Structure formats: C-alpha cells, structure tokens
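Some notes on the structure that comes next.
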Number of protein chains: 2
Amino acid sequence: MRYSPRLATVKRSYIREILKATQDPAIISFAGGLPSPDHFPSQAFAEAAHAVLTENGAAVLQYSITEGYPPLREYIARRYADTLGLDVPMEQILITTGSQQGLDLMAKVFLDPGDGVLMERPGYLGAIQAFSLFGAAFDTVDLGPTGVDLAQLEAGLAKKPKLFYAVPNFQNPSGCTYDEPTRREVARLLAGSDTVLVEDNPYGELRFSGTPLPPLRAFAQGACTVLLGSFSKIASPGMRVGWLVADPDLMHKLVTAKQASDLHTSIFTQRVLHRFLTDNDLDAHIAVIRKAYGERCQCMLQAIRASFPEEVRYTEPEGGMFLWVQLPEGLSSERLFQKAIARKVAFVPGHPFYVDGTANSLRLNFSNSTPERIEEGIHRLAECLKELLATR
Amino acid sequence: MRYSPRLATVKRSYIREILKATQDPAIISFAGGLPSPDHFPSQAFAEAAHAVLTENGAAVLQYSITEGYPPLREYIARRYADTLGLDVPMEQILITTGSQQGLDLMAKVFLDPGDGVLMERPGYLGAIQAFSLFGAAFDTVDLGPTGVDLAQLEAGLAKKPKLFYAVPNFQNPSGCTYDEPTRREVARLLAGSDTVLVEDNPYGELRFSGTPLPPLRAFAQGACTVLLGSFSKIASPGMRVGWLVADPDLMHKLVTAKQASDLHTSIFTQRVLHRFLTDNDLDAHIAVIRKAYGERCQCMLQAIRASFPEEVRYTEPEGGMFLWVQLPEGLSSERLFQKAIARKVAFVPGHPFYVDGTANSLRLNFSNSTPERIEEGIHRLAECLKELLATR
C-alpha cells in the first residue's frame, strides 16, 4: 500500500489505548479525560430531542448549511457577550464536529510539511495529533503555574511559526492557568508577529476557585487570533459539537475546508443542543458541575498532601479536570504506571504530552471518579510511589 | 495571512452556493441533492432518541470509541450479508461523520501533492473537493450509460494513480449505472494494478427499476478496495452518519486519521440511528422511498419526452436521485441557468462536475420535488431551451 508519509509522524492516542485497557470497572481510573457522567442532563436532552423531531422533523433530518445552525451560533455569540464581554458576531462563528475538528480545519488551512507550530510544554495531545498529520514542525514553550515562559515564547515567535496553540485556562494536561500579566505579555508579543494564535478554551467555564480572567483574545488587539470552544465539558462530549471564532477572510477558507471534510456538523445534534440550551438553565447546570469538580479536585489534593512523598510536586488547579504530578529525578512514570495498574489504579504517564521526549510526570483526572474512589486511588498510588522511591 | 497553497485548488461547492440562491420557496429547484423530506421518519426518530437518552443517557452523551458504536457496525455487517451477500466483518467497518468524511480520511491516508487520482467524467463534486484539498492530480475516465470507458480506464491505471473513485450505482451527477460486464472488466483491470478502488455507494438501495447488481468489490478479488456507505439517503442526511469498509492494515491508519480529525462520530446520533434501525422496518421504509423516487423520475422523464427539443439528450436512471441532460453543441448550460432562474426554475450547470473544464450539460434532481412541480418545472425549462435554440 502506497500510504502517504504524513501518517508516520502521527502518534495514535496513547490515552485512548490506555482507556481500552481500563474498561475493567474494578480499576480506579484517573487516566481518561472524561467529564462526570453523573452530571449529564439526560432527561432534559431526551425532552429536547423529542420536541425538535416532533415539531420540525423535516428540517432536523435534512442536509443543512456548512456554517452551522444560525440560532446556535447566535446563542454562542450572546454567551460570549454575557460571560466574557466579548463582541463576536455570529457570522464569525463556525460550528465544528467537536473542537478537535477546529484543529483539523486550522491545519488544513495553514499547514504544509515543515511549517512551524509552537506548542505549550507539556501540550494537548489532540492538537499534537491534528497538527502532526499535516507535517507540522513543532517548537515548544515551557508551561508553568502562571502560564508560558515569556522569554521562550519571544524566542519561539522570532522563528515565525505559523500557529501558536495555547490553552490558557486549566490546561490539559497540566491544569495550569495563565495569570493576567502573562496574558497581557503574550498578547503583546503576538501583536508584533504574524503567527496566528489558536486559543483553545474547553474548560474555561469550569472554574471552581480564584478569579475568572478574560481570554487572550481580549488583550490581543492587532494579532490574528482564533478562538475554539466546545459544548463537551458543559453539556455533552458524545454529541461532538464545538465551534471556532475567526475573522471573515479566514472564516471563508475554513468553511471551504469544512465542506470538503464533512459537509456540515449533524444538524440533528445542533438543534437538540440548541433546544436544550434554550429550554434549560445552562448556568445552573454548570454551577452543579463546577461544585462537583471543585470537591473532587480538593479531595484529590488533600489525599495527595496526606500520603504522597515530600519530593513529589503537583499543580493545584483552579478549574478544569486535571492535575499534573512531577516525580523526583530518576523516577519513571512508566514504571509507576506498571505498579499502579497491578493495584488497579490507572493514570496517563506524561510522555505523550511532549513532542520532544519523555518525562517523569503524569496526568491525573479528577472529574470522573467519586471522592471515595479518589481517596482510595491516591492512597494506592502513594504506596506505589513509596515502593519506587525505596528501590531507587 | 500565510495560508497553505492547498486551499487554492479547492472549489467551494458551487451547488451549495446555488442552494443558498434557491431558498425562495417559489423557485422550483432541481438543483440540490436533497432527499425528499416528505419521507423522513421523524416520529420514529423522536421515539428512538427519547428511548436511548432515557434508558442509557450516561453512555449516549459520553465520549466514545473512534471506530464507532459496535452494534451499529454489526448491523451494517449483517445488512451487507443479507442484501448483497457480502462477507464484511464488523471490525472492518469504521463509522464516519457522513461518507464525505470517508473521502477526507482516504485523502489523509494516501494523498500528497501531485499524487494521481482517477475520477469518473463527470464526477462527484464532493470527492473532487476532498481530494483537491490534499493536492490530488486528477485524471478522468468518461462515464456513459453502461459504466466507465474501459480503454480509458486501462490507460488511466497504467499511469499508476493512487486512487480510483467510482460510484457504480445511479451516479451523482449522471444517474448512470455500471452494467455487469463492465463491473467484471473494471475489477479485472484493478486486480492487475496497485491503485486503490474507492467505491462509493450512497444510492445503491434506491433502485426503482432494473436488476440489482453486486458491488465492484464482489468481483475485485485481489484488488485493494474500500467501500463507502451512508445512511443519508435511506434514513437521514442531517445526522451525518456514514461508514467505510477497509482491510485491517488500512483500517488501523484510517482510525489514526479519524482520531486526529474529530475523535469519533457523535455517539448520540449513532445510537439514535441504531435504535431507529432495530425498532423499525428499514426495508419497508426504503420501499416507500423507492416508490416515490421512481414515480418522480418517471414523471420527469415523461415531461422531458413531451416537451424538450429533440436534439437534447438525457440519461434514464434506474435509481438514485439525479438525471443528466446533454445540450446540443454550442448551447451553454450557464446561459440556460440564467434564463431558467428568471422563470424560477433552478438546476446545476454541469461544469463543477468536471475537473478539466466546462460542458454543455446539466444535472436535474428529481427526489426533492412533487410530481406537480416537476411537470411545471420541466415545462418552463423546455420553453427556456426553445428560446435558446431559436437564438443560436
């Protein structure tokens, strides 16, 4: 078979492979990136689906326009105004088949083999995959508790990458959030470049402590920015509905690319989602999720403080679904994984989040386990860590 | 903006642009490729959606696996066995976000700029778009009432294109169907090549006259073939659920590409569709569609026979949604379009279906208009044609 060489550089999702290995319900899994299914509004969706199909089945089941269902795009525009004070005309919003497709479309519109893409380090695996498929040459900027390293960002932008991909709120995998001074400085550096900022914000609404901050886009006057959003973490990931905000000229290119990719995102899911959003109180629903995730995160942090060896470092997220653990020098997160899985605890070792090698780090998901299982799982992990340290 | 050069070669869908222009309900439109919304099973879908969300909302709304919902893949495998006698293991079926995404994934896995793709002439616009985006170098084989020109196919395959894209049943745009001797010969030619056959079969179940024929795949032992399928024409296009059949090695590559493209197709739509398929009689539903489309096609053909000038040629499809009209030399289908739209009739001029220039041809859709409107529309088109001929 004469395959394209493009495939050779794409890592298959290590995480999705791990997920398959953790189907056993006895395993306490901190591995996935799954929202809590306890908080899916199934009944409200059942009613929304029944209503749109009964009232307007012909339009709900027919082909539709590539840009997306206009009332859903208006809803998103209004929500940007209400929650972030952002003025985004609905014409600049493209509905995508999950925000993963937003990454695919950006790659289609911008990337040829060897084109530079600047990533956070560690970085979001789905973005690494999407850009790899189009032959991106990656460069990285270290990400810490206050955001990216600004000196590295300046040096990285000087090499004129086509895209800079950033997740400023509760990043996956690290849980880190850019503080306001960092946001301002990132925006200033971008305004002086012709690199396009791809600002991904799947977790922004999931803040359970600290103060909400405006997106990079709000500071980045004069820079070209694209904002990605998603209903996956606030309504349902299985529906695969996300969106992308872009200026008109870029939007035109993205719509062409989307036509060629899947014609349009399911109008059925778009309309069910829109009906759910208009018939229900989304903010009340998000408040419930925030509270639950905040409790789970606190529970995990307390268990870590109580039981992990002193030398282990970890982030303390103000929102989102993940925290990040850094093992002492010389300890392998892969070896820890082997020990942990034997005790029926799973997590994701850090190396798939690096484009430039492995590391002694790991990602823990707290959204998809009950507090009881979090305590038990962290307790088991702590025992594995102590064994590893003892045999170092 | 430093866009990729790949975009420059992708035509935006002329058809979708025409569709926007024909939103006026007073226009009799033969332009779209829309199934008849009169035959969408809205109520059955409303019940299916309500049932799956009520009974198993957590799984229906959560992230899912890239390959697709296993029971839906099993259903498709069983249907291949029952309707075509094809033995397709469910592991070789990948659910896609409409069959358009199947084309995008094939392009991702195989095509680099300049790679050869052999197309039927005229050819399916969605495939031209998907392959253009990856820099395909197109070559064409004329398509007539019994299938592709075999001498041209042999010459085309000798140039070792990576893909040959074929729609053997009721092709879009021509309505042509490969007869059995042509299928055998196409299969023989392919078996001696290392070109991958991409056999697209969206309309296969919509046969309203003549004898069903096995797919090319059934004859093509020893050739590498990929079969695309879709629920768009037999259930709902708006849901965007299609599939792709491929051997294990290729399937592995396609799954990697799909992960990077949209993680997975909406599990909500997959499960609603599967519930609809198991709770209802799909064959009875298809029989209703077939009968309606057969009547509409006959109505269009009778009106054409009764009113079109003698020199105009047209295909007589045995199924599907389209027929193809060839104007006499020197008559422009673009000029006809201008005249027709002034009389509130729309169709698609033929040139977007050619990768190598325009033609005096046009595509007429018969599935999405009532017999009354078909008669009236063809009558008006005939008058436009006579005027054009008179001023030639």
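The values are calculated or read from the model by the stated rules, or taken from the named source; none is laboratory data. Note that the structure is a prediction, hence the values are computed from the model and not measured. For neighbour counting, all protein chains shown are included, and Cβ atoms are generated from backbone atoms with ideal geometry for every residue, glycine included.
Tabulated values for the structure
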| item | result |
| --- | --- |
| Check on B:V52, more than 8 Å from chain A (Cβ to nearest Cβ), of a type in the set (V, I, T) and either assigned to a helix (DSSP H, G or I) or within 30 Å of B:K291 (Cβ to Cβ) (or both) | yes |
| Of all residues making up segment B:60-86, the number that are at the interface with another protein chain (Cβ under 8 Å from one of its Cβ atoms), at pLDDT below 95 and out of contact with any helix residue (DSSP H, G or I) (no Cβ under 6 Å at 6 or more places or on another chain) | 2 |
| A:L263 being at positive phi and hydrophobic (A, V, I, L, M, F, W, C) | yes |
| B:A220 being under 21 Å from B:V117 (Cα atoms) and either of a type in the set (S, T, Y) or at pLDDT below 95 (or both) | yes |
| Residue within segment A:282-293 that is in a helix (DSSP H, G or I), within 11 Å of another protein chain (Cβ to nearest Cβ) and out of contact with any strand residue (DSSP E or B) (no Cβ under 6 Å at 6 or more places or on another chain) present | no |
| From the options B:L105, B:L111, B:L125, residue that is at pLDDT below 95, out of contact with any Asp or Glu (no Cβ under 9 Å at 6 or more places or on another chain) and closer than 23 Å to B:A257 by Cα | B:L125 |
| From A:A166, A:A151, residue being of a type in the set (G, A, S), more than 14 Å from every other protein chain (Cβ to nearest Cβ) and crowded, with 24+ Cβ neighbours inside 10 Å | A:A166 |
| Residue list for segment A:87-141, filter: in a loop (DSSP other than H, G, I, E, B), within 9 Å of chain B (Cβ to nearest Cβ) and surrounded by 20 or more Cβ atoms within 10 Å (Cβ to Cβ) | A:T97, A:G98, A:L111, A:L133, A:F134 |
| Every residue from segment A:129-147 that is among the hydroxyl-bearing types (S, T, Y) and within 13 Å of A:V355 (Cβ to Cβ) | A:S132, A:T140 |
| Residue selected from segment A:195-240 under the condition within 20 Å of A:E318 (Cα to Cα) and of a type in the set (V, I, T), by the criterion surrounded by the most Cβ atoms within 10 Å (Cβ to Cβ) | A:I234 |
| Evaluation of B:P309 against (1) in a helix (DSSP H, G or I); (2) outside the structural domain of B:I76 (by TED's automatic domain parsing) (one fails), failing number | (1) |
| Residue count, segment A:17-73 (criterion: within 30 Å of A:V348 (Cα to Cα) and in contact (Cβ under 8 Å) with a residue 24 or more places away in the chain) | 20 |
| Helices (runs of 4 or more DSSP H) contained entirely in segment B:172-276, each with at least 2 residues that are within 14 Å of another protein chain (Cβ to nearest Cβ) | B:248-262 |
| Only listed residue being surrounded by fewer than 20 Cβ atoms within 10 Å (Cβ to Cβ), more than 7 Å from every other protein chain (Cβ to nearest Cβ), outside any loop (DSSP other than H, G, I, E, B) and at pLDDT 90 or above, chosen from B:A8, B:A44 | B:A44 |
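Quick grid of which residues meet (1) assigned by TED's automatic domain parsing to the domain that holds B:S174; (2) assigned to a loop (DSSP other than H, G, I, E, B); (3) within 24 Å of B:G204 (Cα to Cα):
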residue: B:L323; (1), (2), (3): no, no, yes
residue: B:L331; (1), (2), (3): no, yes, no
residue: B:R335; (1), (2), (3): no, no, no
residue: B:I341; (1), (2), (3): no, no, no
residue: B:D356; (1), (2), (3): no, yes, no
residue: B:R363; (1), (2), (3): no, no, yes
residue: B:E372; (1), (2), (3): no, no, no
residue: B:H379; (1), (2), (3): no, no, no
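Each row is one residue, and each column tells you yes or no for (1) of a type in the set (D, E, K, R); (2) under 25 Å from B:D38 (Cα atoms); (3) out of contact with any helix residue (DSSP H, G or I) (no Cβ under 7 Å at 6 or more places or on another chain).
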| site | (1), (2), (3) |
| --- | --- |
| B:I289 | no, yes, no |
| B:P328 | no, no, yes |
| B:A342 | no, no, yes |
| B:P349 | no, no, no |
